[in-house]
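Colleague: Okay, here's the structure, questions in a sec.
The values are calculated or read from the model by the stated rules, or taken from the named source; none is laboratory data. Keep in mind that this is a model prediction, so the values were computed, not measured. FYI the Cβ positions are ideal-geometry reconstructions off the backbone, even for glycines, and counts take in every protein chain you see. Note: areas computed on protein heavy atoms with side chains; ligands, DNA, RNA excluded. Shrake-Rupley method; radii C 1.70, N 1.55, O 1.52, S 1.80 Å.
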Amino acid sequence: FIQTDAAINPGNSGGALVNMKGELVGINTAIFSRTGGSQGIGFAVPSKMVRLVMDSLMKTGKVVRGWMGVSVQDLTPQLAKQFGVSQNEGALVGEVVKGSPAEKAGFKRGDIIVAFGGSKVTDSGHLRNLAASSPVGKKMSVEVVRDNKKVPLEVVIGELPKEAQAGAMGTEEPATESALTGVQVQDITPELADKLKIGRDTAGVVVTNVRQGSSADESGLARGDVILSINKKQVKNVKAYNEMVSGLKKGESILLLINRQGNVLWMPISPAD
């Protein structure tokens, strides 16, 4: 959004935000207000974004958004350290959708997307906007950092499909003191897979409980998360999970790959001091 101090009152949504030259710069969308009236803080959708939507509606009768088929997240200082890179800019790939343009282009989990179509990628939101505003069928140049090396890729933009999301519940905890102490998990059953909408062929374990105040809790791990890997090693089931956790050292930081309501995310966990 464009934030503006121009007065925007209820009923102005959809109206024009213009500059001093009378040029359209945005479409008024929302106001910040405690009383229901204007307080001089308003938000407008940028006209460039509106034009893309307008053109799409005129040409196809619907809003068509570009899609690569990757699940991405911001590169935090902790994640940058885990992946051995110095910069905190870019979008970290957590999942590559099977059969997607990204898979065909050669994207991999753990890739850090730093450039798209000649533009530097600042974060995951920036990348989503760049991809969504790209014409379907157009070949875009992308640069990723993989194993500390820059790798050039080319992806043919597809059309964004409808996606489903979900939430969950579930029990079992390894005794070894580690960054995952206090985390209980269980195997993924067909019923749980359907409830979580993650696909019955998904390999991993479902988090059934996270002890309040534990390292995992402080790091954001929650019940219903599906742990896919630990330190970039795939977790197939509870037995494999317990074997991996038993090998963790006290005080050792770890890196999880989780599926949360359909979104695949990297999550660093540092044990409490």
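Colleague: Within the set LYS81/LYS139; LYS98/LYS197; LYS138/LYS197; LYS120/LYS232; LYS108/LYS250, which residue pairs have Cα atoms separated by over 24 Å? Mind showing how you got there, number by number?
Modeller: Working: LYS81/LYS139 32 Å; LYS98/LYS197 16 Å; LYS138/LYS197 31 Å; LYS120/LYS232 27 Å; LYS108/LYS250 30 Å.
The pairs that break the limit, which is 24 Å between Cα atoms, are LYS81/LYS139; LYS138/LYS197; LYS120/LYS232; LYS108/LYS250.
Colleague: Counting each pair of different Cα atoms once, what's the Kirkwood radius of the chain in Å, rounded to one decimal? Kindly include the intermediate steps, with their values, before the conclusion.
Modeller: Numbers: mean 1/r = 0.0474 Å⁻¹.
For the chain, the Kirkwood estimate is 21.1 Å.
Colleague: Still on this model: Could you give the nm distance between label points at ASN263 and ASP194, where each point is 7 Å from its Cα heading toward the beta carbon?
Modeller: Once both label points are built, they end up 2.7 nm from each other.
Colleague: Separate question: What spacing in nm lies between the two simple spin-label points modelled at ALA7 and SER141, each 7 Å away from Cα in the Cβ direction?
Modeller: 5.0 nm
Colleague: Using a cut-off of 13 Å between beta-carbons, work out the net charge of the residues near PRO152 (Lys and Arg +1, Asp and Glu -1, PRO152 not included).
Modeller: Details: positive: LYS139, ARG146, LYS149, LYS150; negative: ASP111, GLU143, GLU154.
Taking every other residue near PRO152 into account, the sum is +1.
Colleague: On the full set of protein chains, 1.4 Å probe, figure out the accessible area of LEU52 and give it in Å² to the nearest 10.
Modeller: 80 Å²
Colleague: Let me ask you something else. Compute the distance in nm between two label points, each set 7 Å from the Cα along the Cα-to-Cβ direction, one at VAL25 and one at LYS120.
Modeller: For the pair VAL25/LYS120, the computed spacing is 2.4 nm.
Colleague: Next up: Go through GLU95, GLU218, GLU243 and list them by solvent-accessible area, largest first, probe radius 1.4 Å. Let's see the in-between values first.
Modeller: On the way: GLU95 50, GLU218 140, GLU243 115 Å².
The most accessible residue leads, giving GLU218, GLU243, GLU95.
Colleague: OK, next. Would you mind estimating how fast segment 50-164 diffuses translationally, via Stokes-Einstein at 20 °C and 1.002 mPa s with the Kirkwood radius over Cα pairs, in µm²/s?
Modeller: Numbers: Rh = 14.4 Å.
Using the Kirkwood radius from Cα pairs, D works out to 148 µm²/s.
Colleague: Find, among the trypsin sites (Lys or Arg not before Pro) in segment 5-92, those assigned to loop by DSSP (not H, G, I, E, B) with at most 15 other beta-carbon atoms within 10 angstrom.
Modeller: Qualifying residues, ordered by number: LYS21, ARG34, LYS62.
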